[in-house]
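A short write-up of the structure that comes next.
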Amino acid sequence: MVVESFSIPSRIVNLRAEAAFTVLEKAKLAERKGIDVVHLEIGEPDFDTPRHIKEAAIEALRRNETHYTPTPGMPELREAVAEYLREVYGVDFDWKDNIAITVGAKQAVFAVMLSILEEGDEVIYPEPGYPAYSSAAAYAGARTIPYRLTIDNGFSMKAEKLSEMITPKTKIIVLNSPNNPCGSVMPSQDVKEIVELAEDHKLYILSDEIYRPIIFDDLQHYSPLNYASHTDRVILVDGFSKRYAMTGWRLGYVAISKEIYPYLVKVLNIMTSCPVSFAQRAAVAALRGPQEPVYDMVREYEKRRDVVVEELSKIQGLRFIKPTGAFYAFVDVSHILGKIGKSSEEFVLDLIENYGVAFLHGTAMGDYGEGYIRISFANSVDNIRRGIRRLKQAVEEIMGE
Ligand SMILES: Cc1ncc(COP(=O)(O)O)c(C=O)c1O
């Protein structure tokens with residue numbers, strides 16, 4: 001008998017997929033066994049996509065806009081993105097030369113990394129952090145250099161420490177504010193100093209601003225675009241998933257320099273040819289239509305954030321910072337893990353099976369996430385209270401033993 005042997009390339013074996021989906025699967029399995037699980041693991045708005053956005057897609061379907069569009073997206077949408085960037089950042093991007101629509105911000109991250117990284121280049125990225133940064137950089141052959149975010153540094157990157165990490169091989173610094181999973185927002189001074197550092201060293205900043213409008217306590221969001229002396233070295237990644245509750249539509253975008261743009265478009269061309277045509281029509285309506293649904297969602301996230309903080313404060317032995325953006329609290333549970341001798345992943349699985357509540361283990365966001373769990377507040381106030389009270393019960397039982 002001939003046994004066919006095959007090998008999977010190491011770049012695929014080593015690719016780190018997003019573990020949030022694995023935890024969700026585990027929680028669903030527990031539900032099939034009859035366990036009632038409160039879901040605080042997934043980073044996805046629980047709101048419906050606003051009606052006028054859905055209507056725009058339905059209208060596009062009726063008009064038979066069901067064909068390929070240009071690879072970087074339909075001109076109307078790129079124009080709408082350029083208008084938005086002008087309005088929000090006061091920066092001029094040309095829709096023809098700078099703006100590309102992608103299949104989610106995740107594809108944007110991948111395509112940018114593939115477009116500019118050479119084998120051996122170094123990418124500094126926040127860790128714990130959204131896993132696509134390191135996966136995409138490693139896939140492109142780069143060395144991934146994590147910048148450790150902790151409660152003690154306010155979950156924010158600082159220029160001083162970054163300057164010690166930069167080498168002649170460094171090509172990109174990734175920023176993500178508001179931050180997943182930490183719920184932090186970078187202060188203006190940190191952003192400004194990092195921009196100056198990057199300009200001095202001629203580095204690119206990849207700024208992932210997908211949570212930009214989801215910000216609390218009347219804080220302001222600061223982008224590298226606010227401080228860059230020219231936009232050529234700032235690559236903006238954003239998307240529609242979080243802001244407009246459009247995760248399933250798979251739409252993001254990149255604003256990038258004219259020099260890199262054709263190469264980025266080439267990568268997108270090979271990957272997907274173009275984003276979904278009628279979804280792009282919906283995105284035009286999202287950007288140009290009323291923004292009240294966004295403000296309403298943000299107000300609701302802020303209320304939920306307060307509930308998360310209120311409930312977590314009742315639990316002894318946890319450390320956390322009040323989240324100021326995105327919809328996550330990142331909670332230090334190392335004290336509890338030390339007592340039970342388990343990893344954050346084992347703890348999270350125990351909580352699903354034995355207490356009916358699902359969180360994301362910190363290591364889903366990189367090794368530096370060990371000791372933490374991420375609590376998503378993209379769920380109702382009732383469920384947030386129920387879920388965190390289940391955590392309280394678990395912690396009390398463990399610590400009381
Ligand atoms: C920080 C960050 N960037 C990008 C994404 C990707 O979003 P999407 O591909 O749905 O646009 C996510 C999704 O969770 C995220 O948390």
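The values are calculated or read from the model by the stated rules, or taken from the named source; none is laboratory data. Worth saying up front: this structure is predicted, and the values here are computed from it rather than measured. Every residue, glycine among them, receives a Cβ derived from its backbone with ideal geometry; neighbour counts consider all protein chains shown. Note: accessible area is taken over every heavy atom of the protein model, side chains too, but ligands, DNA and RNA are not part of it. Shrake-Rupley method; radii C 1.70, N 1.55, O 1.52, S 1.80 Å.
Suppose we filter the stretch 389-401 for residues that are hydrophobic (A, V, I, L, M, F, W, C) and touching a strand residue (DSSP E or B) at 6+ places or on another chain (Cβ under 7 Å); how many remain?
Step one: of the stretch 389-401, the residues hydrophobic (A, V, I, L, M, F, W, C) are 391, 394-395, 398-399.
From the residues that got through so far, the ones that are touching a strand residue (DSSP E or B) at 6+ places or on another chain (Cβ under 7 Å) too are 391.
The qualifying residues number 1.
From the list I12, I42, I35, which residue is open to solvent by 20 Å² or more (accessible area, probe 1.4 Å) and within 16 Å of the ligand (Cβ to nearest atom)?
Numbers: I12 fails: within 16 Å of the ligand (Cβ to nearest atom); I35 fails: within 16 Å of the ligand (Cβ to nearest atom).
Residue meeting the stated conditions: I42.
Say whether the condition of being part of a helix (DSSP H, G or I), touching a His at 6+ places or on another chain (Cβ under 8 Å) and open to solvent by 10 Å² or more (accessible area, probe 1.4 Å) is met by at least one residue in the stretch 278-291.
Step one: filter the stretch 278-291 for residues part of a helix (DSSP H, G or I), giving 278-288.
Going one step further and asking which of them are touching a His at 6+ places or on another chain (Cβ under 8 Å), we end up with 285.
Filter again for open to solvent by 10 Å² or more (accessible area, probe 1.4 Å), leaving 285.
Scanning the stretch 278-291, I find at least one residue that is part of a helix (DSSP H, G or I), touching a His at 6+ places or on another chain (Cβ under 8 Å) and open to solvent by 10 Å² or more (accessible area, probe 1.4 Å), so the answer is yes.
Run down A100, A111, A105, A17 and say which single residue is under 21 Å from the mean Cα position of the chain (by Cα), modelled with pLDDT under 95 and within 16 Å of the ligand (Cβ to nearest atom).
A17
Out of T272, T247, I need the residue that is farther than 20 Å from P70 by Cα, β-branched (V, I, T) and surrounded by fewer than 22 Cβ atoms within 10 Å (Cβ to Cβ). Which one? Outline the logic, then answer.
Numbers: T272 fails: farther than 20 Å from P70 by Cα.
Going through T272, T247 in turn, just one is farther than 20 Å from P70 by Cα, β-branched (V, I, T) and surrounded by fewer than 22 Cβ atoms within 10 Å (Cβ to Cβ): T247.
Going through the stretch 95-109 one residue at a time, which ones are crowded, with 24+ Cβ neighbours inside 10 Å and under 12 Å from A80 (Cα atoms)?
I99, A100, I101
So, L312, is that one over 20 Å from F359 (Cα atoms), of a type in the set (A, V, I, L, M) and touching a strand residue (DSSP E or B) at 6+ places or on another chain (Cβ under 8 Å) or not?
Values: over 20 Å from F359 (Cα atoms): no; of a type in the set (A, V, I, L, M): yes; touching a strand residue (DSSP E or B) at 6+ places or on another chain (Cβ under 8 Å): yes.
It is false that L312 is over 20 Å from F359 (Cα atoms), of a type in the set (A, V, I, L, M) and touching a strand residue (DSSP E or B) at 6+ places or on another chain (Cβ under 8 Å).
Within the stretch 323-360, can you find the residues that are in contact (Cβ under 8 Å) with a residue 60 or more places away in the chain, open to solvent by 10 Å² or more (accessible area, probe 1.4 Å) and not in a helix (DSSP H, G or I)?
If the condition is that a residue be in contact (Cβ under 8 Å) with a residue 60 or more places away in the chain, open to solvent by 10 Å² or more (accessible area, probe 1.4 Å) and not in a helix (DSSP H, G or I), then T324, D332 are the ones that fit.
Filtering the stretch 67-94 down to residues that are more than 15 Å from N269 (Cα to Cα), open to solvent by less than 20 Å² (accessible area, probe 1.4 Å) and of a type in the set (G, A, S), which residue is nearest to the ligand (Cβ to nearest atom)?
Among those residues, the one meeting the criterion is A80.
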